[in-house]
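The values are calculated or read from the model by the stated rules, or taken from the named source; none is laboratory data. Here the structure is a predicted model, which is why all the values come from computation and not from measurement. Neighbour counts run over all protein chains shown; Cβ positions are idealised from the backbone, glycine included. With ligands, DNA and RNA removed, areas are computed over all heavy atoms of the protein, side chains included. Shrake-Rupley method; radii C 1.70, N 1.55, O 1.52, S 1.80 Å.
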Amino acid sequence: MLDDPKTYSKYDPENMHELIFNFFEQLPKGRELAETSDYNLIDPSSVERIVVAGMGGSAIGADLLRCYALYRLRVPMYVNRDYKLPAFVDEKTLVILSSYSGNTEETLAALDEARSLGAMLFAISSDGELERKASEWGFGIVRIPQGLPPRAALGYSFAPLLTLFELWGFLPSHEEELNKTTVLLHEGAKRLFRDIPEDMNDAKKLARKLHGKLPLIYSTLRLEAVATRFRGQINENAKMLAYSAIIPEMNHNELVGWRYLFKLGDELKPIILLDPEDHPRNRFRANFVADVMRALGVEPIFLEPPIKDAPFLARMFLLIQLGDFTSYYLAMLNKEDPKPVRVIDKLKAALKEFRGSNHN
């Protein structure tokens, strides 16, 4: 099925595959958009903490930056996925509003609260109310291209954010690493392209192993956002449930639950994401967890970046690329169009009819 061209013409009429394949192009373009934005409206010497407010595909770029800069960023950073902001937000807080459509109601509610608290404001968006308010209220914005599903615009939520942090002096330049990542992602996309036969295509093979199963995705903290992205892509593209958890935290709770699987054992397929620079004791923990699973008849899948000596940014995105393509091939196996997310559209329509305040 996955090697039959008719599969893709039937179940991918809007060519989601092309968006996944061409993702690498967004990184240099996103950097350029940030460099030509009005970023100098922010005085970085006044910033003591950073909050990025966003949801779904518009927030995952901030999560990736948080993980990527975990041991480099000296300014506290928090990713806010809600209507309300944390109590610590004040005039010394930089609040970056990330909404691809510009109309995400949780993010717009956070914007109103941030303004009322006197926080410094900046935005990343393609259109909508957020862009209008940036113009009306006079705060800076990186304007990114329109017309994509938010989850297919990850490069436009990540690269501008990384570049802004560099321009403001919160991080050193990562231009060389970003350029290397772009090249490796282009090469990787060629290996995972739908015309590559299943026996030579790692994403197709992984999709086959996950088909009909409940994926449980585990990673260490530095790959947390990669696991979150993997889970979200399976949810939205393949229309399947998937869950993720972090090592070593799950060793202190969830591990105990791997005792009574009842009838679930045959339905579970754990994936353990590891990076060559993970703490050796976390790698030991991952192998211990795998042995616990095997004792219950559940065989986990270990995944590491295909190019282990690549820069960490590239290693993160190569795993993301594998997850994105895998979710796409899972959609084909499920005979689902990967692009529409109709139940989310239905929820948004229902929210328009709901009379409760966006701020409650």
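Contact annotation: residue pairs with Cβ atoms under 7 Å, 6 or more positions apart or on different chains, pairing a residue in region 28-54 that is aromatic (Phe, Trp, Tyr) with a partner that is open to solvent by 60 Å² or more (accessible area, probe 1.4 Å), are Tyr39/Leu167. Can you name every residue in region 76-107 that is under 12 Å from Ser58 (Cβ atoms) and of a type in the set (A, V, I, L, M)? Those that are under 12 Å from Ser58 (Cβ atoms) and of a type in the set (A, V, I, L, M): Val79, Ile96, Leu97.
Does region 186-209 contain at least one residue that is of a type in the set (A, V, I, L, M), touching a helix residue (DSSP H, G or I) at 6+ places or on another chain (Cβ under 6 Å) and outside any helix (DSSP H, G or I)?
No - not one qualifying residue is present in region 186-209.
Of a type in the set (A, V, I, L, M), surrounded by 18 or more Cβ atoms within 10 Å (Cβ to Cβ) and farther than 18 Å from Leu33 by Cβ: is that true of Ala153 in this structure? Taking the combined requirement at face value, the residue does not satisfy it. Restricting the first member to region 192-206 and to residues that are within 18 Å of Leu319 (Cβ to Cβ), and the second to residues that are modelled with pLDDT under 95, the beta-carbon pairs closer than 8 Å and six or more apart or on different chains are Asp202/Pro306.
Among the residues of region 108-119, those identified as farther than 17 Å from Ser58 by Cβ and either of a type in the set (A, V, I, L, M, F, W, C) or assigned to a loop (DSSP other than H, G, I, E, B) (or both) are Leu117, Gly118, Ala119. The set of residues from region 237-291 being under 14 Å from Pro215 (Cα atoms) and in contact with a Lys or Arg (Cβ under 7 Å, 6 or more places away or on another chain) comprises Ala242, Tyr243, Ser244, Glu267, Leu268, Lys269. Here Phe122 clears all of (1) in a helix (DSSP H, G or I); (2) in contact with a helix residue (DSSP H, G or I) (Cβ under 8 Å, 6 or more places away or on another chain); (3) farther than 30 Å from Ala331 by Cα; (4) not β-branched (Val, Ile, Thr) except the condition numbered (1). Checking each residue in region 91-114 for being farther than 23 Å from Leu167 by Cβ and not hydrophobic (A, V, I, L, M, F, W, C) picks out Ser101, Asn103, Thr104, Glu105, Glu106, Asp112, Glu113. Beta carbons closer than 7 Å, at least 6 apart along the sequence or on distinct chains, pair a first residue in region 101-116 that is in contact (Cβ under 8 Å) with a residue 40 or more places away in the chain with a second that is surrounded by fewer than 16 Cβ atoms within 10 Å (Cβ to Cβ) and not in a helix (DSSP H, G or I) for Glu105/Asn358; Glu106/Asp82; Ala109/Asn358; Ala109/His359; Glu113/Lys84.
Can you pull out the residues in region 158-199 that are open to solvent by 10 Å² or more (accessible area, probe 1.4 Å) and hydroxyl-bearing (Ser, Thr, Tyr)? Scanning region 158-199 gives Ser173, Thr182.
You will find that of Phe302, Phe325, the residue that is within 30 Å of Val183 (Cα to Cα) and touching a strand residue (DSSP E or B) at 6+ places or on another chain (Cβ under 7 Å) is Phe302 and no other. Do we find that Leu130 is touching a helix residue (DSSP H, G or I) at 6+ places or on another chain (Cβ under 8 Å), in a strand (DSSP E or B), open to solvent by less than 30 Å² (accessible area, probe 1.4 Å) and without any contact (Cβ under 8 Å) to a residue 60 or more places away in the chain in this structure? Spelling it out, it is not the case that Leu130 is touching a helix residue (DSSP H, G or I) at 6+ places or on another chain (Cβ under 8 Å), in a strand (DSSP E or B), open to solvent by less than 30 Å² (accessible area, probe 1.4 Å) and without any contact (Cβ under 8 Å) to a residue 60 or more places away in the chain.
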